[in-house]
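Notes follow the structure.
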Amino acid sequence: MSGSNNAQFAFENALKLLKDNNLNEAIEQLNEILKIHPDHIESLDLLGAVYIKLNKPNDALSIINKSIDLTKDIKKYLEMKYKLLTFKGDSKNAFECLQLLHKKYPSINTAREISNHYLDLDDQEKADQAIQDFLESDKSYSELYKGIRHAKAGRNAEAEKAYKKILKKDKDNVDALRLLGLLATQSKKYLVAEKLFTRAIHLNPYFKLLWDNLAKCYRLQNKLTEAKKAFTNLLKLDPNNFEAIGASATMSIRLGQYKDGINLYKQLLKVNDNNPRVYLSMGHAYKTIGERTNSEDAYHKAIKQFPLCGEGYWSLANLKTYKFSNEEIKSMENSLKEEMHEVEKIQMLFALGKAYESKKDFTRSFSSYKEGNWLQRKTVNYNAQDNSNSVDKIIKFFDKNKEKLNFESGFKSNEPIFVLGLPRAGSTLLEQILASHSKIEGTQELGNIMTIGRRIRTSNNSEDYLNNLLNLDDKSLNSHGKSYIDETQWAREEQGFFIDKMPNNFPHIGLIKMILPNAKIIDARRNPMDGCFSCFKQYFAKGQHFTYDLDDIARYYKDYEKIMEFWNSYFPGSIHTVLYEDIIQDSENQVRKMIDFLDLDFEESCLNFYKSSRPVKTASSEQVRQPIYKSAMNYWKNFEGELSELVNHCLLYTSDAADDTPCVDLGGRRII
């Protein structure tokens, strides 16, 4: 019997041993064959398969490498090697193997795998490029290539035609669906994009880039729950995706799931402990849930890792009750002598202003606040006259069209309680008091009313939504109101009364009354000198562009008073005004009036609001966790010499023109 026949006989015996599950005997038989015939490829293949079955990846890899050296067509061996290296967690060598496989045997599947690897490395640009490079190089994908070229050149309509042409021939083409989804996202056709990404995911649920695209599409629409789910699914495929972990943490925080968010931040820090940005975000989350010590610790770690971290110092200052040491003040002063990023410098100046203020060095405090405000004012696009014109336009429109507007057909829910007014006017205190009632849930500053206003405006690309209000029929009004209730559901845990504490809702009271006629509205007010100066001392993470100049603040306040006076006359008895000073000096009586306005029974817990453990996201989070105090009343007088600009404006608020005494009006009362 010839040697080849002997080898074949022995190989068949090895197959029989394998079939009978005698794996070790099969290995012995195969090794005997390979001693005599080292290039017997069938034996090598079978031996590799046995080692894989026995979970011996290193032995299997050794055999596969021999097969690669012996054969010309190595595609299946490279595929097996890639899977084994991936199984072992040897991502570096696995990626090199994948790149060789793609180079020798390019396919859309290997291109997608390479794309997935780049996503693992947080390099979305290369992830996208890997797909595009393949599509551009493979003639069978010429139509996709055409679409990509059109998209790159900004010819989106032509790109859309190319992708749709492909889908006519192959409705399940994952790449065409994804690329068409990206076009829809860019065009802000988010619902279309959602459907395309979702359909593609059903066809290939392991394509990581699809989950990334879908998650970001949801995030752009502020669909936080859906965005978090998509990021979570991406993390199941790619557990160490740094960007996805961070995005999921952010979604958790925005959804009020603070413990989940903190745990995800900790997971990020396990990947890379030297990350001041993550420590800052974690500090903000700890602050919101009242874990003061952990919050301070996180901020200190951010500063230790990045000594020029203005945000870290401002975050400590923004705790409002933090006392900076002399060493910390010196560090801030020295930092300002260094080359700093403008945003960090601005926040450092605000923090230093607070540090000097705490030490009653009001002159240096104001100087720091003034410089910080001036630098920030130069970065924002705000025009006080435009705001005044907008307020006048709203008043004129509602006054002129009172008989034409429909205030009866909106969604009849009485659940929303809008607490609005100027920032730093005591709205967080009111929210904390109300949310201590068993039937009222506090949420946060919700942007949904402005979102609905934007929808109404963009229905015909108008400059504003006012005239479009005249065209809203019963069904539309009801639908917008219901949308508000449905779209804020994520922010609350229960059905029932809830607070929307977006202060900037006050110009939109007319819209609110049209779509939610039974909603309650509470106007939070404060002595304008204290309120306006408190805004000037506050660095806002976003928005509130009017607060960085004393003249802008005073004019904004006057616009606010003007439109609130109009709304009170337009909707008599529908808006309850609460003065911060009255809450401080006559707490129980004022709280009872608020609860009575809401048609609820008084509860003692509302007076013990500071014992509540609910999360508080605003700058006053630490202040509302202590009993009512009077030290903030007339606090502006410590800076009186610097506030002539506010004083001069506020002289216009006198309620007695014949009285020459400087005064400011506070809901009909004069503060001398």
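Listed values, structure above:
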item	result
Accessible area expressed per residue, the stretch 422-466, with surrounding protein chains retained (probe 1.4 Å, Å²)	37 Å²
Asp551/Lys266 FRET efficiency (R0 35 Å; Cβ-Cβ; nearest 0.05)	0.20
Portion, in percent, of the accessible area of the stretch 470-575 that falls on carbon or sulfur, probe 1.4 Å	46 percent
Gain in span if fully extended, Asp172 to Lys359, counting 0.36 nm per residue against the direct Cα distance	60.5 nm
Set of the stretch 484-515 residues, backbone N closer than 18 Å to the point 7 Å along the Cα-Cβ line of Phe540	500-509
Residues Gln305 and Glu342, FRET efficiency given R0 of 25 Å [Cβ-Cβ distance, rounded to 0.05]	0.80
Loop sites in the stretch 1-108: trypsin sites (Lys or Arg not before Pro), DSSP, at most 13 other Cβ within 10 Å	Lys72
Candidates per trypsin sites (Lys or Arg not before Pro) in the stretch 529-570, loop by DSSP, up to 10 other Cβ within 10 Å	Lys542
Pairwise FRET efficiency - Glu291 versus Glu96, Cβ, R0 = 45 Å, nearest 0.05	0.50
Inter-part distance where the stretch 430-464 and the stretch 39-95 are each reduced to a Cα centre, Å	59 Å
Solvent-accessible heavy-atom area per residue, rounded to whole Å², over the stretch 130-252 at 1.4 Å	49 Å²
Separation in nanometres of the label points that stand 7 Å from Cα toward Cβ, at Asn65 and Ile36	2.8 nm
The chain - mean residue ellipticity at 222 nm from DSSP helices (-39,500 (n - 2.57) per run, n ≥ 4, rounded to 500)	-19000 deg cm²/dmol
Chymotrypsin sites (Phe, Trp or Tyr not before Pro) restricted to the stretch 556-613 and DSSP loop, no more than 15 other C-beta within 10 Å	Phe602
Within the stretch 491-622: Cβ-based charge dipole about Cα centre, in debye rounded to nearest 20 (Lys, Arg +1; Asp, Glu -1)	420 debye
Virtual spin-label span in nm between Leu255 and Lys72, 7 Å along Cα→Cβ	5.6 nm
Thr225-Asn414 pseudo-label distance in nm [points 7 Å out on the Cα-to-Cβ vector]	2.6 nm
Within the accessible area of the stretch 311-448 (1.4 Å probe), percent carbon and sulfur	45 percent
Linear extension gain, Thr451 paired with Lys393, 0.36 nm per residue minus alpha-carbon span	18.9 nm
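The values are calculated or read from the model by the stated rules, or taken from the named source; none is laboratory data. All of these numbers come straight from a predicted model, not from anything done at the bench. Because the Cβ atoms are built from the backbone with ideal geometry, glycine has one as well, and the counts that use them run over all protein chains shown. SASA here: full protein model, heavy atoms, side chains in, ligands and nucleic acids out. Shrake-Rupley method; radii C 1.70, N 1.55, O 1.52, S 1.80 Å.
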